[in-house]
Amino acid sequence: MLFPRAVLDGIAAGRITLAFRRGARPPARTGGTLLTAIGMLAFDTVETVDAAAITDAAAQQAGVADRPGLLAFLSRGTGPVYR
């Protein structure tokens, strides 16, 4: 599952507007869509980012309290970081 229910609820409420993932390939494509339990999600932009450049504000937009929390989540995977 790409998004757990708590994240989907945050997206539906407008609290979550970004997602970060680490992997060998992007989890979605720019302009792509994904049918979820809350409806259709659209991916405006999918790009590789430098994890060192992620800010607290970006982490909060992704539903994480702060940058260290997001980096801890991303450390579980390998490969490039995608936003």
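With K and R counted +1 and D and E -1, the other residues having a Cβ less than 12 Å from that of I54 yield a net charge of 0. With 0.36 nm allotted per residue and the present C-alpha distance subtracted, the M40-T55 stretch has 2.7 nm of extension available. Between the labelled values (i) 38; (ii) 29; (iii) 32, the entry that holds percent of Cα pairs over 20 Å apart as derived from this structure is (ii). Computed over neighbours whose Cβ is under 15 Å from that of R21, the net charge equals +3, Lys and Arg +1, Asp and Glu -1.
Suppose all protein chains stay in the model; what accessible area per residue would a 1.4 Å probe give for the chain, in Å²?
Numbers: 5230 Å² over 83 residues.
I get 63 Å² per residue for this part.
Assuming charge only on the beta carbon of Lys and Arg (+1) and of Asp and Glu (-1), the dipole of the chain about its Cα centre is about 260 debye to the nearest 20.
When only C-alpha pairs under 8 Å and at least 6 residues apart count, what is the relative contact order of the chain, in percent?
Values: 117 pairs, mean separation 31.6, N = 83.
Contact order relative to length: 38 percent.
The values are calculated or read from the model by the stated rules, or taken from the named source; none is laboratory data. Remember, it's a predicted structure, so these values are computed and weren't measured experimentally. Positions of Cβ are generated from backbone atoms using ideal geometry, with glycine treated the same way; all protein chains shown enter the neighbour counts. All accessible areas refer to the heavy atoms of the entire protein, side chains included, with ligands and DNA or RNA removed. Shrake-Rupley method; radii C 1.70, N 1.55, O 1.52, S 1.80 Å.
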